[in-house]
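Note sheet for the following structure.
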Amino acid sequence: MSLNPVPAPQRRWFRLPYAARVGSAWARLTAVELPRDRWRTAILVAIVAIPIAFNAVSLWTEVTLAIPNVNDDAFHHLMVRSASEAIARGENPLDSWGPEMDLGAPRFLFYQNLPALFVIALDRLTFGLVGLMNLLNITRYVLMLALPLTVYWSMRRLEFTAIAAAGAAAASSLLSTEGLYGIEYDSFVWRGWGMFTQLVAIHLSFITIACLWHLARTGRGLVRAVVAASALVVSHLLYAEMMVITGTVVFLVGVQPRDLPRRVWQFALAGLLIGVVTSYLWLTFLLNRPYIGESPYDASFKLDAFGVRTTLGWLVRGQLFDNNRLPVFTAAIALGIASLLLVRQRQRFLALALFLVWLALYCGRSIWGPVADHVPSGSMLLFHRFIGSFQIGGILLLGMGFEAIWRVVSLLPRRAALLGGLAACALLLAPAIIERHGYYEPNARWMRETAAAYESDVEARAIIDTLRSLPPGRVYAGLRSNWGESMRIDQVPMYRVLVQEGLEIVSVPLPSINLNSDLQFHFNDRDPVYYELFDVRYVFAPRGLVLPDFLTPLATTPRYALYRAPSSGAAMFASSTVRRSMPDKFALFYANREWLLGASMPARAFIRWDYPSLDQLVPGAAVPRCTNGTIANEQREPARVAFDTSCPTGSTVVIKTTYHPNWRVTVDGVERTTFMASPSFIGVDVPAGDHRVIAEYHSSSLRTVLIAIGIASLVVFVVVRRYAPRVWRRRAAARTDAPPAPVE
């Protein structure tokens, strides 16, 4: 008999394998009841409120200073203003022509539109007293402040604890990367990228995930899931594509085997409804894809992302969540992953699954290229934007990590637990807030300096006012590759200011929305032929800049000069000597660039394109250029160009705006067949004699029909779902209460 016997329970525990002992300790930790007294509740409220208050103060200049943008928010402001003006003219705002940039484009036909329509609705509700630009800035500001609230609500809907939801909410608005176009606010503030529609999409992504999860777990909330996902589709097509994969993960993780048949039917019905409701956008997008620009000059990382080695290196070093600071968020994510061994719940495995799936996809086209070629967006799929969905998964894990810390702290005595909770909050938020302050402070300072420069630059406003008073025509204010980048109002290049002012310009595309966008990079401001081809009538330049003699001075100030350029107007006679077919937009771009830089363009020898087409064309008779004809009495409106032609022979007329099949051209009231003429302009053959030519952009009726079908389908579904069960119950009750049939 041993002198020091070991008690049986202790002996049994001691003999357990090491992993089992650790598991036993974790089980005891899991059993800790998360406290809910008022002090700890106050800490959780503070965790969510502190980042909101910090952002409200740090980003205040975003809403108080209505100045020209240095990023893509200039494009979003243009979208809002052009759609608002289309409504005022009685046009269809979802399919109207915008002449301001890229030699004209039906921007809303190619681009998601719900965020812009929301701003326009606010403008109508406020009777135009606030202004579209101010409302756009206010909307962006409120969305940035409200992101923690959206994350908190979504995580609670995902069945996470209030502690996990509070930690994730606090971190969501404080992420930091090296400008990687993700959820971090570098993507949205004035000095950043100006991704307004993505900001809307991030809110809707969290909400849609929560609604789909609730549907997968309970079978309820189908209408809410459809509405949230539909709003996401019409707010951001790329994030909607990502939600297809995310929704599949939600389905696989959230649905229990016993519910599988019913959930398959419900998710299939939800997908069908979402597709019908949003078909006006995605279907017309696919039908018009040949006419949507894809820039061959974009940085390769946008299409390809960064590869496995670089991506994993950034993750391990904390650069995907904690760039330039102590990687506390990254550590919390790692702790959240480890906590899956502590608390095994489906929503936690969902967070890990989303994180890993999107991490793999974010590694880029080097892995997933063959698969990507078969999705609807194909070559337009921007792998670098997958960081948004990856960070959504990371935020969920981060909340889990914060909860694990809270559980450990809760083992301490009450006072020590409170102090430990405060320390955990400080550790979570302090490095992020300090780093974000260092990013936002220059942003606010540069905005104030630009606002002061913009207000004091009366010379620029005088030139702009002069441009408004002159006959309409495109304005050239330089390019990024020449003096256009140095002619600035403090931080903002003048060509961006002209976008903000709504003038028609030839400049750097924002973004490359159509087939002509990137050809603007090749505008040669030393050659008068380019001014004629692009219908550039005015040049806005620094005073003292040596420009060609064919430019005629119109106005000068101590800093600027305005010139008239040699353009004959919105249309020109041309010869059509070659007819070619072209299968895709990249081949078309390179062929048009070769034409633009070659000898055919100065001779006005245009190519007639059959695009998109693979047909072998039979060469037709060449149409010579009318050398002694005239084009006069020009009238220009946003979606209409009218002029008189006079030529003793039949001729080809090229209208200097971007080709789209929705343009209709009439000659003396008789519609004529249009074709694409190089580079991607509208071409039409006009008979001999004097004629009135009118070109008008006609919005497609297909989009209107699809909108009506989508709304009707959703209304019918809601009505049937709401009232049909009541009718069925009444009929069942009536059958139950009916007297028995007599027995013969």
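The values are calculated or read from the model by the stated rules, or taken from the named source; none is laboratory data. Bear in mind that the values here come from a model prediction, so they are computed numbers and not experimental data. Note: ideal-geometry Cβ built from the backbone for every residue, glycine included; neighbour counts use all protein chains shown.
Here are the numbers:
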read-out: Residue match in the stretch 571-587 (condition: within 25 Å of Ser646 (Cα to Cα), polar (S, T, N, Q) and surrounded by 21 or more Cβ atoms within 10 Å (Cβ to Cβ)); value: yes
read-out: Test result for Ser235, in contact (Cβ under 8 Å) with a residue 24 or more places away in the chain, more than 22 Å from Arg344 (Cα to Cα), in contact with a Gly (Cβ under 9 Å, 6 or more places away or on another chain) and among the polar types (S, T, N, Q); value: no
read-out: Meets criteria (crowded, with 19+ Cβ neighbours inside 10 Å, more than 20 Å from Ser713 (Cβ to Cβ) and without any contact (Cβ under 8 Å) to a residue 40 or more places away in the chain) for Val250; value: no
read-out: Count of residues meeting criterion [in a loop (DSSP other than H, G, I, E, B) and touching a Leu at 6+ places or on another chain (Cβ under 9 Å)] in the stretch 179-191; value: 8
read-out: The one condition in (1) charged (D, E, K, R); (2) outside the structural domain of Ile245 (by TED's automatic domain parsing); (3) within 27 Å of the chain's Cα centre (by Cα) that Arg468 fails to fulfil; value: (3)
read-out: Residue in the stretch 674-688 that is over 28 Å from Met582 (Cα atoms), without any contact (Cβ under 8 Å) to a residue 40 or more places away in the chain and assigned to a strand (DSSP E or B) present; value: no
read-out: Qualifying residue in the stretch 594-617 (condition: among the charged types (D, E, K, R), assigned to a strand (DSSP E or B) and outside the structural domain of Gly484 (by TED's automatic domain parsing)); value: yes
read-out: Residue match in the stretch 510-520 (condition: more than 30 Å from Ile607 (Cα to Cα) and either at pLDDT 95 or above or outside any loop (DSSP other than H, G, I, E, B) (or both)); value: no
read-out: Matching residues, the stretch 84-123, being within 19 Å of Ala66 (Cβ to Cβ), touching a Ser or Thr at 6+ places or on another chain (Cβ under 9 Å) and in a helix (DSSP H, G or I); value: Glu85, Pro115, Ala116, Phe118, Val119, Ile120, Leu122, Asp123
read-out: Residue that is surrounded by the fewest Cβ atoms within 10 Å (Cβ to Cβ) [pool: residues in the stretch 409-426 that are among the aliphatic types (A, V, I, L, M), in a helix (DSSP H, G or I) and in contact with a helix residue (DSSP H, G or I) (Cβ under 7 Å, 6 or more places away or on another chain)]; value: Leu422
read-out: Tyr590 being under 27 Å from Arg543 (Cβ atoms), modelled with pLDDT of 90 or more and either touching a helix residue (DSSP H, G or I) at 6+ places or on another chain (Cβ under 7 Å) or not basic (Lys, Arg) (or both); value: no
read-out: From Leu359, Leu397, Leu335, Leu381, residue being within 25 Å of Phe586 (Cα to Cα), assigned by TED's automatic domain parsing to the domain that holds Val233, crowded, with 16+ Cβ neighbours inside 10 Å and not aromatic (Phe, Trp, Tyr); value: Leu381
read-out: Single residue of the stretch 144-169 satisfying the filter (under 15 Å from Ala49 (Cβ atoms) and small (Gly, Ala, Ser)) that is farthest from the chain's Cα centre (by Cα); value: Ala162
read-out: Per-region count, the stretch 209-233, residues closer than 18 Å to Trp282 by Cα and surrounded by 24 or more Cβ atoms within 10 Å (Cβ to Cβ); value: 5
read-out: Scope the stretch 446-480; condition touching a helix residue (DSSP H, G or I) at 6+ places or on another chain (Cβ under 9 Å) and loosely packed, with under 13 Cβ neighbours inside 10 Å; matching residues; value: Arg468, Arg480
read-out: Ala430 vs. criteria free of Cβ contacts under 8 Å to residues at least 12 places away in the same chain, touching a helix residue (DSSP H, G or I) at 6+ places or on another chain (Cβ under 9 Å) and part of a helix (DSSP H, G or I); value: yes
read-out: Qualifying residue in the stretch 143-159 (condition: assigned to a loop (DSSP other than H, G, I, E, B) and of a type in the set (Val, Ile, Thr)); value: no
